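A short worksheet on the structure shown next.
Just so it is clear, none of the values below were taken in a lab; they were calculated from the coordinates. Owing to the predicted nature of the structure, the values given are computational and were not obtained by experimental measurement. All Cβ positions, even for glycine, are placed from backbone atoms using ideal geometry, and neighbour counts span all protein chains on display.
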Amino acid sequence: MQPQKAIAGAWIGLDQQGNRVIHPVIGQMIVKYVTIMGALVLYTFKSFKIQIGNFMLTDSLLSKDTPLSLDNFSGRPDELIGMLQFCQNQHGYISEEDVRQIALFIQVSETQVYAVASFYAQFRFRKPGEKLIRVCMGTACHVQGGEQLSQEVQNQLRIQPGETTPDGRFDFQEIACLGCCAQAPVVEIDGKIYGKMTPEELRKVLHEEL
């Protein structure tokens, strides 16, 4: 480096072969500047710009009650299940927008996201109803009239198991076991257990809810 030949205010100098090079001191300053700016950009992206669905993964959303953190999402395809679970916990279901944003984030096709999500029964693609009705179909409940209770719900709400009423008020599910065998047959409505149910009693309860 030949400082006496430096030009452009010492920003550029000449090496021994006469080639223009950045002055070492200026070069170090540029490296530090780029490093600092890169860190700021990364922090900003990580804190505010990681989008999944119609919500943002920010520190304010990821409270102590949220099992996942920003560190769980770095854009790898193997994070797909965790992202789907996060969306489901936030919205109650996986929306089309969720699928689109996840696909963009981990750089896979939307078809691949749907293929994985649809493989697991825990994920749903329709907005859940305001209240959940579950009829137990375990052995104890089944032999004591569980099937008749399920049919009563279907008749009253005009939906099949796994569906939501058109007004969005009720979800209906048949479940393998509610763990209340001593009270069979059992129906759960919005978290409340109704034991020793009959179709007639269930009809009255549903009319009250309606």
*asked:* Please report the net charge: other residues with Cβ closer than 13 Å to the Cβ of residue 108, K and R +1, D and E -1.
replied: -1
*Fewest Cβ neighbours within 10 Å first, please rank 108, 135 accordingly.*
108, 135
*Which three extents, in whole angstrom, do the alpha-carbon atoms of the range 131-209 cover along their principal axes, largest first?*
34, 22, 20
*Long-range amide H contacts for residue 94: which residues qualify at under 5 Å (H placed 1.01 Å from N, peptide plane, sequence gap of 5 or more or a different chain)?*
124, 125, 126
_Vicinal HN-Hα couplings computed from phi for the range 107-112 (Karplus, 6.51 cos²θ - 1.76 cosθ + 1.60; Hz; Gly/Pro x)_ = 6, 10, 7, 4, 4, 5
*Per-residue HN-Hα couplings for the range 94-103 [Karplus 6.51, -1.76, 1.60; θ = phi - 60°; Hz; x = Gly/Pro]*: 9, 7, 4, 5, 4, 4, 4, 5, 5, 4
*asked:* With 10 angstrom as the radius, rank 95, 109, 118 by how many other C-beta atoms surround their C-beta, starting from the fewest.
replied: 109, 118, 95
_log₁₀ of I(q)/I(0) at q = 0.15, 0.22, 0.26, 0.28 Å⁻¹ - the range 88-139, Debye sum with one point per alpha carbon_ = -0.50, -0.85, -1.05, -1.15
